[in-house]
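First the structure, in the form of structure tokens, and then the observations on it.
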Amino acid sequence: MNTNTIPIDKTAIRNAATVIVLRDRMGEPSILMGQRGAKAAFMPNKFVFPGGAVDAGDGAIPLATPLNELCHSRLSDNAPDELQQALAAAAIRELWEETGLVLGTPGTWNDEPPQDWRGFADTGHLPAAGDLQFVFRALTPPGRPRRFDARFFLVDAGAVQSDLDDFTHASDELSHLQWIKLGDARRFDLPFITEVVLAEVASRVTEWAAPESVPYFRNDDEASLFLRLRGYPMPDD
């Protein structure tokens, strides 16, 4: 297994990955959300999508299928290169840890998986990133107890390899896990940025092709900027 790791400084802005699972998008679309605990240091009590910080070893996790080329390119826009695989792996790991859902393909790991991937590996799957779409990026504003540079990935629930209603393998980080109708989501207690992301998701329900660009809300010590990440599409063969 590749032993490359990404160092983590918990006092700095941490890279993070969030997964928006969209179900029944051609009928009555719904999204998977859960509620953070009242004592959580970051966004207590809020309903959020599954997600979390990139771990040091995520960049070394083998992916059965990689991100598509356009998402890979856009993830490197205004960001260090070679972070793409770690972000994709973190998205798949966080989805598994917080919901018990498997985004992968049947297969056997060549090496002993790290501790936080053993439960996933025990399902008989390898993590697969080919169905993830990079659709949003947001940097937590200054003054928050924790700050994240979060990349939001959208995936159709049809890519999930486990029972969509079985959350028995989920950790206790999110409570009240449930499929929420897309049109009803704003009735819940949501972070501001989640409301913004929902608008992006709503525009993508029927138009599944890659958007022209990816929104990036960047809040730093100097200014709050709204940028567009375009990447560089690979030419046709």
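The values are calculated or read from the model by the stated rules, or taken from the named source; none is laboratory data. Quick caveat, the model's predicted, so the values are computed rather than measured. For neighbour counting, all protein chains shown are included, and Cβ atoms are generated from backbone atoms with ideal geometry for every residue, glycine included.
Some points to look at:
- Hey, L101 touching a residue at least 60 places away in the same chain (Cβ under 8 Å) and within 22 Å of A56 (Cβ to Cβ) or not: no
- Cross-chain or 6+ apart pairs with Cβ under 8 Å, the range 40-69 first and farther than 18 Å from S171 by Cβ, then basic (K, R) and modelled with pLDDT under 95: none
- Across the range 165-215, the number of residues qualifying as outside any loop (DSSP other than H, G, I, E, B), under 29 Å from R74 (Cβ atoms) and of a type in the set (G, A, S) comes to 4.
- Residues in the range 165-177 that are within 18 Å of the chain's Cα centre (by Cα) and either over 17 Å from G51 (Cα atoms) or surrounded by 15 or more Cβ atoms within 10 Å (Cβ to Cβ) (or both): F167, A170, E173, L174, L177.
- When the residues of the range 62-75 are filtered to those that are buried (at least 21 other Cβ atoms within 10 Å of the Cβ) and assigned to a helix (DSSP H, G or I), the one that is farthest from the chain's Cα centre (by Cα) is R74.
- Tabulated pairs, the range 76-87, first more than 16 Å from R228 (Cα to Cα) and free of Cβ contacts under 8 Å to residues at least 60 places away in the same chain, second hydrophobic (A, V, I, L, M, F, W, C) and assigned to a helix (DSSP H, G or I), C-beta under 8 angstrom, 6+ apart or interchain: Q84/C71; Q84/L75
- Among the residues making up the range 181-196, a single one is closer than 18 Å to R25 by Cβ, touching a strand residue (DSSP E or B) at 6+ places or on another chain (Cβ under 8 Å) and surrounded by fewer than 17 Cβ atoms within 10 Å (Cβ to Cβ): K181.
- Count of the range 187-235 residues which are modelled with pLDDT of 90 or more and charged (D, E, K, R): 3
- Hey, E173 of a type in the set (D, E) and closer than 30 Å to T206 by Cα or not: no
- Matching residues, the range 116-125, being touching a residue at least 12 places away in the same chain (Cβ under 8 Å) and surrounded by fewer than 23 Cβ atoms within 10 Å (Cβ to Cβ): D116, W117, G119, A121, T123, G124, H125
- Strands (runs of 3 or more DSSP E) contained entirely in the range 76-164, each with at least 3 residues that are out of contact with any Asp or Glu (no Cβ under 8 Å at 6 or more places or on another chain) and more than 20 Å from I193 (Cβ to Cβ): 104-106, 125-127
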